[in-house]
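Structure record follows, encoded as structure tokens.
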Amino acid sequence: MTKSFKRQLYAIRPMLSGQQICWSVELVRQGSCNRKVFTAFRYGSTEAALSAAIQWRDEMVKTVMPVSRADYSCIERSNNT
């Protein structure tokens, strides 16, 4: 598996739904989980479902920003207090 292919599938996992493969996208941003499942039954094929999953993931990455580095470093944890 090449690095570009791994990057393309960031936050996307294959799942088995009955006899068909579906794709699950899960992004956690600022404590909230954004998850959606793309089935081959709904999109017509596994390739079309994967394409829709990538498109949805890209939209979510652009609109829901991750925690900034400064905010992340201010979170109290057992190893930094």
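The values are calculated or read from the model by the stated rules, or taken from the named source; none is laboratory data. Everything quoted here is computed from the prediction, not taken from an experiment. The area values use the complete protein model at the heavy-atom level, side chains included, leaving out ligands, DNA and RNA. Shrake-Rupley method; radii C 1.70, N 1.55, O 1.52, S 1.80 Å.
In degrees from 0 to 90, rounded to the nearest 10, what is the angle of the helix 46-63 Cα long axis to the longest principal axis of the chain?
Between helix and principal axis, roughly 20 degrees.
Which residue fluctuates most in the GNM of the chain (Cα springs below 10 Å): 67, 25, 37?
67
Whose amide H sits under 5 Å from the amide H of residue 29, counting only residues 5 or more places off or on another chain, with H placed in the peptide plane?
34
Would you kindly derive the ³J(HN,Hα) couplings of the stretch 14-21 from the backbone phi angles with the Karplus curve 6.51 cos²θ - 1.76 cosθ + 1.60 (θ = phi - 60°), listing them in order in whole Hz, with x for Gly and Pro?
3J(HN,Hα) across the stretch 14-21, in whole Hz: x, 9, 9, 10, x, 9, 10, 8.
Name the long-range amide H neighbours of residue 17: under 5 Å, sequence gap of 5 or more, or other chain; modelled H, no Pro or chain starts.
22
How big is Rg to Rh over the chain, alpha-carbon atoms, Rh as the Kirkwood inverse-mean-distance radius?
Computed over Cα atoms, the ratio is 1.10.
Accessible area per residue of the stretch 26-81 at 1.4 Å probe, in Å²? Mind dumping the intermediate values first?
Numbers: 4260 Å² over 56 residues.
Ligands and nucleic acids excluded, the result is 76 Å² per residue.
How large, in percent, is the carbon and sulfur part of the accessible surface of the chain at a probe radius of 1.4 Å?
53
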